[in-house]
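Heads up, the thing below is written out as structure tokens.
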Amino acid sequence: MNKKVLLINPSLPPSGWLAIEKLPPLGLAYLAAVLEKEGVEVKIFDNYLFGKKNDFVKGLLQEFDADIVGIYCSTATYISCLEIARIIKESNPDKIVVTGGPHSTLFPEQMLNSGFFDAVVLGEGEYIFRDFVKSHSRQDWRDIKGLMFKENGNIVSTGRAEFISNLDDLPMPARHLLPMDKYPTVVEFLDISPVYSLNTSRGCPFSCTFCSVKIIWGRSYRSFSPKRVVDEVQLLVEKYGAKGLYFREDNFTLDSRRVIEICRLIKQRGIKFQWVCESRVEHIKEDVLKEMSEAGCKAIWFGVESGSEETLQLVDKRITKADALAAFSLCKKYNIKTGASFILGLPREKIGDMYKTLIFADELDGYWTWFNYYLGIPGSSLYDMVVKEGLYDQIDANGIARIKTKDFDYKKAMQIRRQIMLIYYFLRPKRLLRLMLESFRAGTWQDYLIGALKILKIYKVFL
Ligand code: B12
Ligand code: SF4
């Protein structure tokens, strides 16, 4: 097929979000790999990484005259996504502009009503987008499940497509189209480089009320087979020279048989690298952890969320503090570093619950600890509750809710978060020192500094 497709990852517009981590957009790389297999010429431009002004797209289209432009859209990058699409339509009205990703899947009508998009792909995009690119005319779009577009001013939805039943059918993500040498390749926990990321599963059977992952990926868990995962590992180690890997996904450890099989294959093939993954605390069982440690696992990030049992129940996390303590202590036994991620300022929390989180974070004493503040993300059931009960004082242009309850508002929650971070880091100076050393090593110290200044509001003293 002699069509040309340009895929864009938009930059983060100025907002309350921090963009400390920059990883290759694997979703776009999967779309590109499937298209390349069909003979389509594809380019990916990752402006989340480069942060150029959005009119970069004009020059790009002069160099690469794509027939179709596909733009990733998350809630955080929605404004940039919209602007890029507007610039394309104003300068090249004949281009077909399509969007997909979490925000577009949540708000397809909003995207189409902007007037800048020809179609929206809902959810898992590889096969839907392939069929879209292969289609000969707009008439064919009605036959492609998973699409929304406008026809005579009316929005047409073809319904949600089936999820891909066997992920192993997908080709390896087209990392060769990404500027792999430009991404930060150092992660906290590992003192080696380069470290690359991969994503080996989709979907989550849990229903944490603050999370919107199920809208895209559904409740059923699908994963690449252990062999396919280890093939990708081997490719990253042998072709890209990876010394470390980061399994950056929601539920890497959900299926312990799969994890054990992956670890055994890594050992059998004698692949030498260190790795990090993310996990729910209750999935950490000794037999699995032992295999993980033997296969090179050095650290695990956990969503611990809160030090208040009431809050854990409120968000339907289905874990207890005891589960977290057990997981952290097992990790210690196997010399695996731990990361603990918490959320402060959830609706229905009392101020005392936030301090319970501080006390519990101190007790867990993860190698890394991160305190997020709650922002209501569209597509989550907690967001629906916040909106229904009017527990917000602002919903911004991206649809993000800043909450306000009878106990605190967003400003107060941020103030408490600042105090909590200060107490947590100054309580044990080793934590502060580690944060500083690691961010220097990772080259992210400027981001952390800006983040810290924002968090501590120190910048107000200078500006
Ligand atoms: C790894 C990861 C990151 C990485 C890489 C992000 C990236 N662009 O790939 C980094 C660290 C950079 C990151 C940053 C952020 N992330 Co993040 N991240 C993830 C995570 C865990 C996995 C992403 C992934 O690789 N998925 C696998 C690939 C295959 O899926 P995909 O990228 O979604 O792409 C598929 C479809 O969406 C669709 N598609 C995507 N784009 C397009 C474009 C077109 C044209 C088409 C047709 C289809 C299509 O087809 C793809 C293939 O099936 C997800 C959780 C999840 N389960 O997805 C959160 C997630 C995407 N992140 C989230 C958030 C909130 C953020 C940040 C705002 C965090 C922060 N405070 O900085 C930033 C925003 C970054 C951005 N560019 O928007 C939210 C987004 C929610 C929302 N409503 O937008 C998610 C869903 C997590 C959550 N719990 O809610 N993230
Ligand atoms: S937070 Fe993690 S475990 Fe909970 S629903 Fe979201 S992806 Fe699943």
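Bear in mind these aren't lab numbers, they're just calculated from the coordinates by the rules spelled out. Just so you know, these numbers come straight off a predicted model, no measurement behind them. Cβ placement follows ideal geometry from the backbone for every residue including glycine, while neighbour counts extend to all protein chains displayed.
What the Cα atoms of region 199-294 give is an Rg and a Dmax of 13.8, 41 Å. Sites listed here are trypsin sites (Lys or Arg not before Pro) in region 257-338 whose DSSP assignment is loop and whose Cβ has at most 10 other Cβ atoms within 10 Å: Lys272.
Consider a paramagnetic label point 7 Å from the Cα of Asp407 along Cα→Cβ; state which residues of region 341-361 have an amide N under 12 Å from it. Under 12 Å, as judged by backbone N against the label point of Asp407, lie 344-357 of region 341-361. Once both labels are positioned 7 Å from their Cα atoms along Cα-to-Cβ, the gap between Arg318 and Lys134 label points is 3.7 nm.
With neighbours defined as other Cβ atoms within 10 Å of a residue's Cβ, the residues Asp94, Asp55, Asp353 order from fewest to most as Asp94, Asp55, Asp353.
Taking 0.36 nm per residue of sequence separation and removing the Cα-Cα distance, the Tyr240/Asn154 pair yields an extension gain of 26.2 nm.
Entry note, region 191-288: relative contact order of 33 percent, from Cα contacts under 8 Å with a spacing of 6+ residues.
Size descriptor for region 241-300, Kirkwood hydrodynamic radius: 11.5 Å (Cα pairs only, one decimal).
The His176 and Ser91 beta-carbon pair, evaluated with R₀ = 35 Å, returns a calculated FRET efficiency of approximately 0.75. Look at Ile164, Ile300, Ile420 and count the other Cβ atoms within 10 Å of each Cβ; fewest to most, that gives Ile164, Ile420, Ile300. Percent of C-alpha pairs per 10 Å bin in region 182-242, short distances first: 20, 33, 33, 14, 0.
Over region 95-153, the Kirkwood radius and the radius of gyration, each from Cα atoms, give a ratio Rg/Rh of 0.92.
Give me the percent relative contact order of region 184-462, please, defined on Cα pairs under 8 angstrom at least 6 residues apart. Contact order relative to length: 16 percent.
When the alpha-carbon atoms of the chain are used, the pair Rg, Dmax equals 22.3, 64 angstrom.
What translational D, rounded to a whole number of µm²/s, comes out for region 4-157 from Stokes-Einstein when the hydrodynamic radius is the Kirkwood one over Cα pairs, at 20 °C and 1.002 mPa s? In µm²/s, the coefficient rounds to 139. Look at His283, His176 and count the other Cβ atoms within 10 Å of each Cβ; fewest to most, that gives His176, His283. With all pairs of different C-alpha atoms in the average, the Kirkwood value for the hydrodynamic radius of region 288-330 is 11.7 Å.
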